Amino acid sequence: MISNDLYLLCLLFSLYDTGMKNGMNREILRIALPAIVANITVPLLGLVDTAIAGHLGDKIFIGAVAVGAMMFNLVYWNFGFLRMSTSGMTAQTYGSGDVKESAKLLGESTALAAVISAVIIALQWPIRLLLLWIIGPSPEVTSLAITYFTICIWGVPPVLVMMALKGWLLGMQDSQSAMWISILTNVFNIVASLICVYLLKMGFVGIAVGTAAGEWLGLLYAAVTVRRKFPRLASMVDWRHVWRFRGAGRYFKVSRDIFIRSFLLMTVSLAFVSIGARSGDLILAVNALILQLFTLYSHFMDGIAFAGEAVVGKYYGMGDKQRMRRCVRLLFLWGAGVAAVFTLVYSFPRLAFWLLTDQQSVIDAAMDYRVWCALIPAAGMAAFVWDGVFISLTRSMGMLISASISWVLFFVIYWMTPVEWGNNRLWVAYLSFLALRGIIQTILYSGYLRSGALDIAR
């Protein structure tokens, strides 16, 4: 998948040349491209950990790493608001020139991440029990996954704090620093795991120790980066009083809405996997392949969304409604361009499937669902772009409303679709879920404009 990422990134650079001729396009691409580069490095860590586990002498090590990583992904997914709430609100303060509020957001977001981390560590036993019940691995894999979880839980604080720091940097229009934090943290993880497993002879435990150590090294680099790039703002944070969270009501409201919205999205994903698994191992494998294509697409669209969070938020904070609206239109043009490239590639997905698996039976079965591969980019495009825009405007309730309605309709559409459609029922429901989020947010945004709710940054 790394080669796929780089190939598609090269295709998109042809759009970059055109975009750099326009000032606002330059702003968008200055945020989007580093975010995309950071995103495409994400699978690298998982590939290396899997490769290390695969050379330890037993296949259950691979399963244990996969289960352990999934457990933490389920935890981290719900706390994405630490980045999103922070980036949108910080972008507004950047646009308005309120340095005091920018410093306050830096302190509050990192303090909240630290508090949440302490709660997770304190509740690690019931969290671990619940996650293993949801995933349901074999007893052998469960034993190793518990070991992995028990060690890696100490990497939660740096991961969550870095979410907040990267969100703050994005809001400060510095996506390059956020990119390097992501890239170097992955490098630290990989190097630390290799040292612990092979040099220190720690075996499977070394993968977990290396992962946790890499996260702390990444946090150290992130803290140094913030201090170096924004010394004045970093020195303005009053760490003695920031833990009281005085005047942080708006931040908590936005975070609450995004937390619930993220939870709804997670339950749809879990339902998708669970329903597909009941159709047999072959369908489960097919759906997993196609979801990997969606994940690849999301890496690029997240870059567009991140640009929306930063640039639209800046103009909203400045009170410049005209440039804010123009930026939204340009984001959709870029989103449509990215979607068009992926639609072309995904209309002929056999090569992508071949890169993901050597199981010919799975590839042949997956080709029966190639129409859904081609429809994924168009179905999901608007939702990605609107998420970035709504975060920048701190219209978190709009995000929650769209997710809630789409969540209900996902299950309604699935159960109303004829049983004879088999696995196609699931894809009809899932792509409808993606498209409906974008449609509902379009309606809500139009309502905000008509009502004048976006005339002044709030």
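Read the figures in this text as sums done on the coordinates, not as results from a lab. Remember, predicted model here, so these are calculated numbers, not experimental data. Ideal geometry is used to build each Cβ from the backbone, glycine not excepted, and the neighbour counts take in all protein chains shown.
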The stretch 25-138: radius of gyration and largest Cα-Cα distance (Dmax), Å
18.9, 58
Distance in Å, no decimals, from the C-alpha centre of the stretch 250-307 to the one of the stretch 343-405 is 10
Of the convex hull drawn through the C-alpha atoms of the stretch 365-458, the volume per residue in Å³ is 89
Contour excess over end-to-end distance, with Cα ends at residue 77 and residue 321 and 0.36 nm allotted per residue
84.6 nm
Length gain on complete extension for the stretch residue 42 to residue 115, per 0.36 nm per residue less the alpha carbon to alpha carbon distance?
23.7 nm
At 7 Å along the Cα-to-beta-carbon direction for both residue 205 and residue 235, put a label point, then send me their distance in nm to one decimal.
4.5
Inter-label distance for residue 147 and residue 333, nm, one decimal - labels placed 7 Å from Cα along Cα-to-Cβ:
5.6
Run the dipole for the stretch 68-170 about the Cα centre, Lys and Arg Cβ at +1, Asp and Glu Cβ at -1, nothing else charged, and hand back the magnitude in debye, nearest 20.
60
Where Lys and Arg each count +1 and Asp and Glu each count -1, what net charge lies around residue 219 among other residues with Cβ under 14 Å from its Cβ?
+1
Quick one: which of 100/314; 104/253; 229/321 span more than 18 angstrom between C-alpha atoms?
229/321
Cα-based Rg and Dmax for the stretch 177-268, in Å, come out at 18.3, 50
For the stretch 41-246, what percent of Cα pairs sit more than 31 Å apart?
24
Let me spell out the model: positive unit charges on the Cβ of Lys and Arg, negative unit charges on the Cβ of Asp and Glu, origin at the Cα centre of the stretch 41-246. What dipole size does that give, in debye rounded to 20?
540
After finding the eigenvalues of the alpha carbon gyration tensor for the stretch 53-117, what semi-axes result from the square roots of 5 times each, listed largest first in whole Å?
39, 11, 9
Among 368, 49, which comes first, then next, by fewest other beta-carbon atoms within 10 Å?
368, 49
Helical contribution to [θ] at 222 nm, DSSP H n ≥ 4, -39,500 (n - 2.57), averaged over the chain, rounded to 500:
-28000 deg cm²/dmol
10 °C / 1.306 mPa s Stokes-Einstein diffusion coefficient of the chain, Kirkwood radius on C-alpha pairs, µm²/s
70
Which value, in debye to the nearest 20, describes the size of the charge dipole of the chain about its Cα centre when Lys and Arg Cβ atoms bear +1, Asp and Glu Cβ atoms bear -1, and nothing else is charged?
1640
Put +1 on the Cβ of each Lys and Arg and -1 on the Cβ of each Asp and Glu in the chain; which of 42, 390, 155 then has its Cα farthest toward the positive end of the dipole?
390
Sequence-separation-based contact order of the stretch 41-246, relative, with Cα cut under 8 Å and 6+ spacing, percent
30
Report relative contact order for the chain in percent, whole number only (criteria: Cα-Cα under 8 Å, sequence separation at least 6).
22
